[in-house]
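Asker: Take a look at the following structure, please.
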Amino acid sequence: MQRFTADVWGGVCVTLVCLAVPVPVVIAMAQGRGIGDLPAIWWLAAYAGFAVAFLVSMWLVDLAPRRVVAAALVAQTVLAQVLVLSAPRTGWTPILLVLGVAVSAYRVPLRVSAAVIAANTVVIALASARIAETSLEVGMVAVLYLMLQAASVMSVHAHLSDIRSRRRLAEAHVQLQAASALQAEASRTDERLRIARELHDAVGHQLTVLSLELEIASHRADPGAAEPIARAKEVTGQLLADVRSTVGEMRRSGPPLRETLASVVADLPEPVVHLRIDDAVDADPEVARALVRCVQEVVTNAIRHARAEHLWIGIGAEGDRIVFEAHDDGPGDPGFAPGNGLRGMAERIEALGGSVGFSGAAGFRVRAAVPR
């Protein structure tokens with residue numbers, strides 16, 4: 001469920017203002033007064049078309065096809081101008097032009113918004129000229145609505161710039177956390193390998209020499225010393241086996257996966273990441289590094305493209321494979337094509353003998369599986 005943020009409440013208020021605009025027309029119809037050049041019923045029909053186009057542009061922009069959204073933006077602009085020109089005495093009607101240009105500013109370049117503002121200002125001036133008594137009044141009304149439109153568009157672009165900045169910051173945060181986690185693990189791996197080599201070369205060799213010396217002593221010792229020497233040989237052999245086991249484990253051990261992935265998604269404001277890692281997951285270093293990169297790419301993709309509020313990531317074990325699954329609550333895109341990041345993710349998984357699949361239906365989904 002989408003959260004009712006300030007943006008959502010703002011959209012609700014704008015929609016209510018849009019729906020309140022025809023109220024004076026309805027009142028005029030009830031009193032039997034004309035509203036302008038069009039019959040009231042035709043004006044209301046034009047307003048209904050504007051309202052539908054406006055609601056599509058306002059609320060369905062992430063769900064409707066792009067061509068439908070583009071048509072809605074054009075329709076709301078043209079119909080708003082028709083409504084203003086055909087009913088200059090309805091009072092609030094020019095506010096539709098302000099609302100329309102503000103909503104379209106989210107989807108069109110600034111130069112297009114500037115052209116729409118210029119056209120709307122001409123329409124407002126023409127409509128005002130039909131009812132105003134002086135040219136000064138016409139100019140003041142035109143300038144007032146010009147400033148309102150410009151302020152709306154500038155506010156929208158400032159908001160979009162803030163959104164882009166926050167997304168870039170979030171992406172940089174994820175990339176930095178992933179790089180830091182992998183760098184820290186590389187340092188720990190180097191230290192483990194150094195200690196493993198020291199154990200093998202120093203302690204292991206010394207225990208091997210001690211074992212050989214005890215073997216020689218067992219053949220030369222008096223019968224009374226045979227039993228203590230045998231026990232010493234047994235302890236030495238066990239210590240040598242323990243050292244070899246420890247060295248092997250230190251060479252094989254990978255990063256603490258749960259802590260590493262938790263650090264990658266920590267302190268991320270949006271989307272909220274829900275991370276689940278089964279206790280049965282035991283990944284070697286190569287697989288663990290691949291999983292860290294997968295989480296990084298999925299989170300970055302959700303920030304950059306998905307417009308999601310929540311992202312769920314799960315890593316579990318299925319037989320002899322480790323399964324990585326992720327999905328978000330964004331609108332999705334059934335016809336999406338993987339970009340360089342997702343292709344790199346697929347190449348990384350396939351290089352380990354695994355497989356990966358993507359889906360853009362009902363939010364973005366990823367499922368990957370790699371051998372343990």
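Asker: Return yes when Ala337 is among the small types (Gly, Ala, Ser), within 26 Å of Ala64 (Cα to Cα) and without any contact (Cβ under 8 Å) to a residue 12 or more places away in the chain and no when it is not.
Answerer: So Ala337 fits the description; yes.
Asker: If I filter segment 75-99 down to residues being in a loop (DSSP other than H, G, I, E, B) and over 38 Å from the mean Cα position of the chain (by Cα), which single residue comes out as farthest from Phe54 (Cα to Cα)?
Answerer: First pass over segment 75-99, keeping only residues in a loop (DSSP other than H, G, I, E, B): 87-94.
Filter once more, so that each one left must be over 38 Å from the mean Cα position of the chain (by Cα): 87-93.
Details: Ala87: 19, Pro88: 21, Arg89: 22, Thr90: 19, Gly91: 20, Trp92: 16, Thr93: 14 Å.
Within segment 75-99, the match that is farthest from Phe54 (Cα to Cα) is Arg89.
Asker: Shifting gears a bit: Under 6 Å by Cβ, and 6 or more places apart or on different chains, what pairs join a residue from segment 138-150 that is of a type in the set (Val, Ile, Thr) with one that is part of a helix (DSSP H, G or I) and surrounded by 13 or more Cβ atoms within 10 Å (Cβ to Cβ)?
Answerer: From residues that are of a type in the set (Val, Ile, Thr), the pairs are Val138/Ala125; Val138/Ser128; Val138/Ala129; Val141/Ser128.
Asker: Quick check, is Val323 hydrophobic (A, V, I, L, M, F, W, C) and either modelled with pLDDT under 90 or touching a Phe, Trp or Tyr at 6+ places or on another chain (Cβ under 8 Å) (or both)? Spell out the reasoning first.
Answerer: Details: hydrophobic (A, V, I, L, M, F, W, C): yes; either modelled with pLDDT under 90 or touching a Phe, Trp or Tyr at 6+ places or on another chain (Cβ under 8 Å) (or both): no.
So Val323 fails the test.
Asker: Take Leu342 and decide whether it is more than 18 Å from Ala262 (Cα to Cα), open to solvent by less than 10 Å² (accessible area, probe 1.4 Å) and outside any strand (DSSP E or B).
Answerer: Yes: the conditions hold for Leu342.
Asker: Just to be sure before I move on: is Leu311 within 11 Å of the chain's Cα centre (by Cα) and open to solvent by less than 20 Å² (accessible area, probe 1.4 Å) in the structure I sent? Break it down stepwise before answering.
Answerer: Values: within 11 Å of the chain's Cα centre (by Cα): yes; open to solvent by less than 20 Å² (accessible area, probe 1.4 Å): yes.
Here the answer is yes, as Leu311 does meet what is asked.
Per-residue answers, yes or no, for (1) more than 19 Å from Ile95 (Cα to Cα); (2) open to solvent by less than 80 Å² (accessible area, probe 1.4 Å):
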site: Val23; (1), (2): no, yes
site: Ala30; (1), (2): yes, no
site: Trp42; (1), (2): yes, no
site: Ala46; (1), (2): no, yes
site: Phe50; (1), (2): no, yes
site: Ala53; (1), (2): no, yes
site: Met58; (1), (2): no, yes
site: Asp62; (1), (2): yes, yes
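Asker: Which one of these is of a type outside the set (Ser, Thr, Tyr), over 21 Å from Asp320 (Cα atoms) and either surrounded by 17 or more Cβ atoms within 10 Å (Cβ to Cβ) or modelled with pLDDT of 80 or more (or both): Leu275, Leu257? Give the derivation first.
Answerer: On the way: Leu257 fails: over 21 Å from Asp320 (Cα atoms).
Answer to the check: Leu275.
Asker: Let me ask you something else. For residues that are of a type in the set (A, V, I, L, M, F, W, C) and open to solvent by 30 Å² or more (accessible area, probe 1.4 Å), scanning just segment 100-115, find the one that is farthest from Ala150 (Cα to Cα).
Answerer: Keep residues of segment 100-115 that are of a type in the set (A, V, I, L, M, F, W, C), which gives 101-103, 105, 108, 110, 112, 114-115.
If we keep only those that are open to solvent by 30 Å² or more (accessible area, probe 1.4 Å) as well, we get 108, 110, 112, 114-115.
Numbers: Val108: 14, Leu110: 11, Val112: 12, Ala114: 8, Ala115: 11 Å.
Ranking the qualifying residues of segment 100-115, first place goes to Val108.
Asker: What residue, of Gly330, Gly353, is under 30 Å from Val61 (Cα atoms) and either without any contact (Cβ under 8 Å) to a residue 12 or more places away in the chain or part of a loop (DSSP other than H, G, I, E, B) (or both)?
Answerer: On the way: Gly353 fails: under 30 Å from Val61 (Cα atoms).
From the options Gly330, Gly353, the qualifying one is Gly330.
Asker: Which of the residues belonging to segment 28-62 are without any contact (Cβ under 8 Å) to a residue 40 or more places away in the chain and touching a helix residue (DSSP H, G or I) at 6+ places or on another chain (Cβ under 7 Å)? Lay out the reasoning, then the answer.
Answerer: If we filter segment 28-62 for residues that are without any contact (Cβ under 8 Å) to a residue 40 or more places away in the chain, which is where we start, we get 29-34, 39-42, 44-45, 47-49, 51-53, 56, 60.
Matches in segment 28-62: Met29, Ala40, Leu44, Tyr47, Gly49, Ala51, Ala53, Val56.
Asker: Within segment 118-137, count every residue that is assigned to a helix (DSSP H, G or I), open to solvent by 20 Å² or more (accessible area, probe 1.4 Å) and either without any contact (Cβ under 8 Å) to a residue 24 or more places away in the chain or under 27 Å from Asp7 (Cβ atoms) (or both).
Answerer: Residues of segment 118-137 assigned to a helix (DSSP H, G or I): 118-129, 135-137.
With the extra rule that they be open to solvent by 20 Å² or more (accessible area, probe 1.4 Å), the set shrinks to 118-119, 121-122, 125-126, 129, 135-137.
In the following step, the residues that additionally are either without any contact (Cβ under 8 Å) to a residue 24 or more places away in the chain or under 27 Å from Asp7 (Cβ atoms) (or both) were identified as 118, 122, 125, 129, 135-137.
Of the residues in segment 118-137, 7 are assigned to a helix (DSSP H, G or I), open to solvent by 20 Å² or more (accessible area, probe 1.4 Å) and either without any contact (Cβ under 8 Å) to a residue 24 or more places away in the chain or under 27 Å from Asp7 (Cβ atoms) (or both).
Asker: Checking Val69 against (1) touching a Lys or Arg at 6+ places or on another chain (Cβ under 9 Å); (2) in a helix (DSSP H, G or I); (3) open to solvent by 50 Å² or more (accessible area, probe 1.4 Å): exactly one of these is not met. Which one?
Answerer: Only one criterion is unmet by Val69, namely (3).
Asker: Then there is this: Would you say Ser187 is at pLDDT below 85 and assigned to a helix (DSSP H, G or I)?
Answerer: Numbers: at pLDDT below 85: yes; assigned to a helix (DSSP H, G or I): yes.
For Ser187, the condition - at pLDDT below 85 and assigned to a helix (DSSP H, G or I) - is met.
Asker: Kindly indicate the residue of segment 345-357 that is touching a helix residue (DSSP H, G or I) at 6+ places or on another chain (Cβ under 6 Å) and closer than 22 Å to Gly332 by Cα and also least open to solvent (accessible area, probe 1.4 Å) among those meeting that condition.
Answerer: Met345
The values are calculated or read from the model by the stated rules, or taken from the named source; none is laboratory data. It should be emphasised that the depicted structure is a prediction, and the values quoted were computed from it without experimental measurement. Please note: Cβ atoms are built from the backbone with ideal geometry, for glycine as well, and neighbour counts cover all protein chains shown. These accessible areas exclude ligands, DNA and RNA; they are computed on the full protein's heavy atoms, side chains included. Shrake-Rupley method; radii C 1.70, N 1.55, O 1.52, S 1.80 Å.
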